[in-house]
1. For the condition assigned to a strand (DSSP E or B), out of contact with any Asp or Glu (no Cβ under 7 Å at 6 or more places or on another chain) and basic (K, R), what is the one hit in A:K107, A:K42, A:K37?
2. Would you mind finding the one in B:T111, B:T99, B:T86 that is at pLDDT 95 or above, closer than 28 Å to A:G1 by Cα and of a type in the set (V, I, T)?
3. Just to be sure before I move on: is B:S94 within 24 Å of A:Y32 (Cα to Cα) and within 13 Å of another protein chain (Cβ to nearest Cβ) in the structure I sent?
4. Among the numbered criteria (1) surrounded by 15 or more Cβ atoms within 10 Å (Cβ to Cβ); (2) touching a Pro at 6+ places or on another chain (Cβ under 6 Å); (3) of a type outside the set (A, V, I, L, M, F, W, C), which single criterion is violated by A:Q6?
5. Could you list all residues from the stretch B:78-93 that are outside any helix (DSSP H, G or I) and out of contact with any Phe, Trp or Tyr (no Cβ under 7 Å at 6 or more places or on another chain)?
6. With farther than 14 Å from B:G42 by Cα and free of Cβ contacts under 8 Å to residues at least 12 places away in the same chain as the only criterion, which of A:K22, A:K57 stands out?
7. Restricting to the stretch A:72-115, give me the number of residues that are more than 11 Å from every other protein chain (Cβ to nearest Cβ), at positive phi and at pLDDT below 95.
Amino acid sequence: GENVEQHPSTLSVQEGDSAVIKCTYSDSASNYFPWYKQELGKRPQLIIDIRSNVGEKKDQRIAVTLNKTAKHFSLHITETQPEDSAVYFCAASTPYGGSQGNLIFGKGTKLSVKP
Amino acid sequence: NAGVTQTPKFQVLKTGQSMTLQCAQDMNHNSMYWYRQDPGMGLRLIYYSASEGTTDKGEVPNGYNVSRLNKREFSLRLESAAPSQTSVYFCASSATGITGELFFGEGSRLTVL
């Protein structure tokens with residue numbers, strides 16, 4: 001089945017620096033790659049997603065890139081702010097496992113932005 | 001518009017006890033999901049319901065049952081709780097299935113002693 005690996009598990013940056021989180025997936029049939037942000041004690045919330053027919057997507061300070069050949073995708077946060085501190089999860093869809101397939105999550109990256 | 005509401009928020013059980021986690025959404029979404037979140041493990045799908053009247057197993061269904069009561073409500077039942085089921089449980093819904101945004105509830109923290 002699909003396996004999603006996420007690195008690093010923890011990341012500490014200074015305010016204003018950039019942060020990059022990387023994920024790899026194993027199933028070449030995967031075609032949807034969302035990123036979720038979870039603040040401490042809160043629910044996960046979608047921040048950006050990308051589909052397999054697109055190589056890059058941006059939304060203000062956040063961007064995601066996808067390399068289908070290498071089976072990896074990355075989250076880029078520029079000009080980081082303290083409110084970016086959270087756990088970030090990548091995920092990859094797979095068409096296997098029931099009528100809808102499945103969404104497999106990485107284990108998360110704890111991002112700390114120091115003022 | 002409350003989004004996804006799940007109850008209870010906290011629960012402590014003894015091994016062997018049963019309980020039901022309730023989830024309701026008011027966004028008219030067809031798909032609903034139950035995930036568990038364990039430290040360092042990310043989110044793992046327990047069961048989902050693609051539409052009213054259907055349910056499917058996810059990655060970790062053992063020890064759980066679900067009921068899609070109607071379009072709004074999707075419950076998760078632990079028939080005989082075990083310490084390995086100590087976790088934070090999240091209900092989620094989606095208008096377009098797994099290839100669209102998941103809207104999560106606030107989570108239910110379950111401890112099994």
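1. After applying the criteria, what remains is A:K37.
2. B:T86
3. The answer is yes for B:S94.
4. (2)
5. Answer for the stretch B:78-93, where residues must be outside any helix (DSSP H, G or I) and out of contact with any Phe, Trp or Tyr (no Cβ under 7 Å at 6 or more places or on another chain): B:E79, B:S80, B:A81, B:A82, B:T86, B:S87, B:V88.
6. A:K57
7. The total comes to 0.
Residues are listed down the side, and each one gets a yes or a no for (1) in contact with a His (Cβ under 8 Å, 6 or more places away or on another chain); (2) assigned to a strand (DSSP E or B):
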residue: A:D17; (1), (2): no, no
residue: A:K22; (1), (2): yes, yes
residue: A:D49; (1), (2): no, yes
residue: A:N53; (1), (2): no, no
residue: A:K58; (1), (2): no, yes
residue: A:L111; (1), (2): no, yes
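The values are calculated or read from the model by the stated rules, or taken from the named source; none is laboratory data. In this text the structure is predicted, and so the values were computed from the model without any measurement. Positions of Cβ are generated from backbone atoms using ideal geometry, with glycine treated the same way; all protein chains shown enter the neighbour counts.
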